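Taking it in order: structure first as structure tokens, then the write-up.
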Amino acid sequence: MLAAARRAFTDRGYIGASVRQVATDAGVDPGMIRHWFGDKAGLFRAAMEPTVDPDELLAGVFDAGPDGLGERLLRRLLVVWDAAGAHSPMIILVRSAVSHEESTLLLRTFVSEQILGRLSGVLGGPDGALRASLVGSQMIGLVMARYVVRVEPLASAPVDAVVAAVAPTIQRYLTGEIG
């Protein structure tokens, strides 16, 4: 049911997806979805639960310190997002956040707590939170352009090319002059 929900939210967005269609796609009665998830909002929340443990996702990324962190972080996230394709909860959340308030809240909470909070802790200093949020803005923009809007040639560029182009900006946000 959750795989069918992720496909529906990916293809039609939160507003366009329906419990009935998800049930049909999953081969179950709509009452089954209501039983397990309550309503469309509950189904959406369950479908958006990270399929990757943030501790596993970020394992080793922060260990070597701030030098080269932009490249390590970006490469790890791109590899995960490319492997998950359009059905990644992160990509679905970014897609849905522009038109659905609960998606906005889920995205902000996940990014703030699971990625930026950890990043801010690694950076420390009085501007660590600002630096982390700048990195977050770059990442969300990249998800939007590469995976949601699918702007070419960025959408089909190899991970190495994207890392070479974007990681220096992320690294500047992390350790360089920010004005």
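The table that follows gives values for the structure above.
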{"item": "Sole residue being in the same structural domain as G68 (by TED's automatic domain parsing) and buried (at least 20 other Cβ atoms within 10 Å of the Cβ), chosen from L107, L154, L134", "result": "L107"}
{"item": "Flag for E71 being closer than 19 Å to I140 by Cβ, surrounded by 15 or more Cβ atoms within 10 Å (Cβ to Cβ) and acidic (D, E)", "result": "yes"}
{"item": "Residue in region 136-144 that is small (G, A, S), in contact with a Leu (Cβ under 6 Å, 6 or more places away or on another chain) and within 20 Å of M48 (Cβ to Cβ) present", "result": "yes"}
{"item": "Conditions (1) touching a residue at least 12 places away in the same chain (Cβ under 8 Å); (2) in the same structural domain as G141 (by TED's automatic domain parsing); (3) not small (G, A, S): number failed by D63", "result": "(1)"}
{"item": "Residue in region 58-67 that is crowded, with 16+ Cβ neighbours inside 10 Å and assigned to a helix (DSSP H, G or I) present", "result": "no"}
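The values are calculated or read from the model by the stated rules, or taken from the named source; none is laboratory data. Please read all numbers here as calculations on a predicted model, not as lab measurements. Note: ideal-geometry Cβ built from the backbone for every residue, glycine included; neighbour counts use all protein chains shown.
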